[in-house]
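This report refers to the structure that appears directly beneath it.
Laboratory data are not the source of any read-out in this text; all were calculated from the coordinates shown. Keep in mind that what you see is a predicted model, and the values were worked out from it rather than measured. Using ideal geometry, Cβ is built from the backbone for each residue, glycine included, and neighbour counts are taken over all protein chains shown.
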């Protein structure tokens, strides 16, 4: 079962492992510092798109972010984290559109 607070603790630990502040992560990801804060406090659940972006940014898996399940050697879509903010947002919109087609 998904636990927002546990998810938030994992996100905070991932950020701290990179020795970064919330505002730095927010700037690099193109989101607000308030969003980062609410995610880390477990006051907000990440969308499916956000989970993918976070997993790529922190070089981990969606399973780890959501449920704490670590998978060694899992290759993700690291290329997303290399995109500019504008291109990343376009990819996010495209993912949302694709999700709408399969629902």
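Brief remarks on what is shown
- Note on percent of Cα pairs over 24 Å apart: of the candidates [x] 19; [y] 12; [z] 25, the value calculated from this structure sits at [x].
- Rel. contact order, % - alpha carbon contacts under 8 angstrom, at least six apart, the chain: 26
- Label-point separation in nm, residue 32 to residue 45, each point 7 Å along Cα→Cβ: 2.1
- Exposure proxy shown here: for 20, 29, the number of other Cβ atoms within 10 Å sets the order, fewest to most, as 20, 29.
- Cβ-Cβ distance of residue 63 and residue 3, R₀ of 22 Å, FRET efficiency by 1/(1 + (r/R0)^6): the value works out to about 0.95.
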